[in-house]
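Worksheet: the structure to be examined is printed underneath.
The values are calculated or read from the model by the stated rules, or taken from the named source; none is laboratory data. Fair warning: this is a prediction, and the values are worked out from it, not measured in the lab. When we count neighbours, we look across all protein chains shown, and the Cβ atoms used for this are built from the backbone with ideal geometry, even at glycine.
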Amino acid sequence: MDGPTPNTPSFRFWPDSAESTLNPEDLFMRIILTGAAGFLGSHLAARFLADGHEVVGVDNLITGTGENVARLQESERFTFREHDVSTPLFMAGHVDGVLHFASAASPVDYLEFPIQTLKVGSLGTHNMLGLAKAKEARFLLASTSEVYGDPDIHPQDEEYWGNVNPVGPRGVYDEAKRFAEAMTMAYHRVHGIPVRIARIFNTYGTRMRPGDGRVVSNFLIQALRGEPLSLYGDGGQTRSFCYVDDLVEGLVRLFESTYSGPVNLGNPDEFTVRDLAEIVLEMTGSESEIEFRPLPEDDPKIRRPEIRLARELLGWEPKIGLRDGLEQVIPYFREQVEGKDARARPLA
Ligand SMILES: NC(=O)c1ccc[n+]([C@@H]2O[C@H](COP(=O)([O-])OP(=O)(O)OC[C@H]3O[C@@H](n4cnc5c(N)ncnc54)[C@H](O)[C@@H]3O)[C@@H](O)[C@H]2O)c1
């Protein structure tokens, strides 16, 4: 049989990269963070700033918001470059780390911007690796559980190669990220760049755009507006939901580690999408109905991260369960609905 045996993670393919760990004498780093105006990028930037580092946020605002940038600009250690990273980026001065988060990330966004999504995953990743190489900086790629596609093993560990339809509508995102991972490893092997690859599973939290079309934001907005919750298929498909603070902690630990292969970061508690709808209705006190819609093409039926590697390598695991995370995020979405007339954006 070709390839590794499913469900038997081992470290043999990805030995620790002993080279070029961050200089321990440099207490504070200068970080280039693409996608800084987005949901995860803005949280991660805030964390680096809080830790005393300097952050240059780069974003073309295709799905990010000026509001996220403005919040970060309250720190004098944050600067912003409005730029499409699918074109080359030149940066003066030294750089310690390049973290590449730029990419449409929710299905409604990448289906609206399929070519830009392919470009930022391919050309954008190449450009950012080039920058890391020129600056002798460490590179971290925000990859995704979508590299596993509609998986035929469960849970998904890092040695599973995935089941992706390259020509389906979701292929624009999944294949862009798979290419991005391949390019990242090629730069590591050929140019010796220290790289980290975070395979991020479904994450939610404050600063998500209410209309970004992801399941947690859609359900919360619909419940709070008293509109029907859009449930695809019979809602029996499973997902796992990681609260953003947990994810950011995992990302920082991964960035600081010496491991150059892909690492799953996500919450292994698994829920059906129908469970999520019911929890949201209960916690928001909403009387919304559930509206069943056809399952989108290539929608994964099951999704749960195997996080043994992250536990062993990084001493990391999520601490915030779904109900606790929702409790933290509901006031934010309530504010969006009440103050800004925010609307959900389910798939058409
Ligand atoms: N949120 C999740 O659950 C999740 C899960 C898996 C992977 N990820 C990955 O994490 C990263 C961030 O996701 P997010 O949820 O914050 O999405 P987001 O849409 O909120 O943020 C993405 C940011 O990238 C920017 N961007 C897109 N194309 C760009 C380009 N060509 N040049 C410059 N900026 C560009 C957007 O304007 C936006 O600010 C993405 O790479 C995504 O694939 C996120």
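(1) assigned to a helix (DSSP H, G or I); (2) closer than 22 Å to Asp275 by Cβ: which one isn't true of Ile302, the others all being true? Result: Ile302 passes all but (1). In the stretch 178-194, the condition of being within 30 Å of Arg343 (Cα to Cα), within 13 Å of the ligand (Cβ to nearest atom) and either in contact with an Asp or Glu (Cβ under 7 Å, 6 or more places away or on another chain) or at pLDDT 95 or above (or both) is met by no residue.
Here Gly168 fulfils each of the conditions (1) within 16 Å of the ligand (Cβ to nearest atom); (2) touching an Asp or Glu at 6+ places or on another chain (Cβ under 9 Å); (3) farther than 20 Å from Leu309 by Cα apart from (1). The set of residues in the stretch 213-258 that are aromatic (Phe, Trp, Tyr) and modelled with pLDDT of 95 or more comprises Phe219, Phe241, Tyr243, Phe255. For the stretch 24-77, the candidate set comprises residues that are among the polar types (S, T, N, Q) and without any contact (Cβ under 8 Å) to a residue 40 or more places away in the chain; within that set, the residue that is nearest to the ligand (Cβ to nearest atom) is Gln73.
Among the conditions (1) closer than 26 Å to Glu112 by Cα; (2) assigned to a helix (DSSP H, G or I), the only one that His188 does not satisfy is (1).
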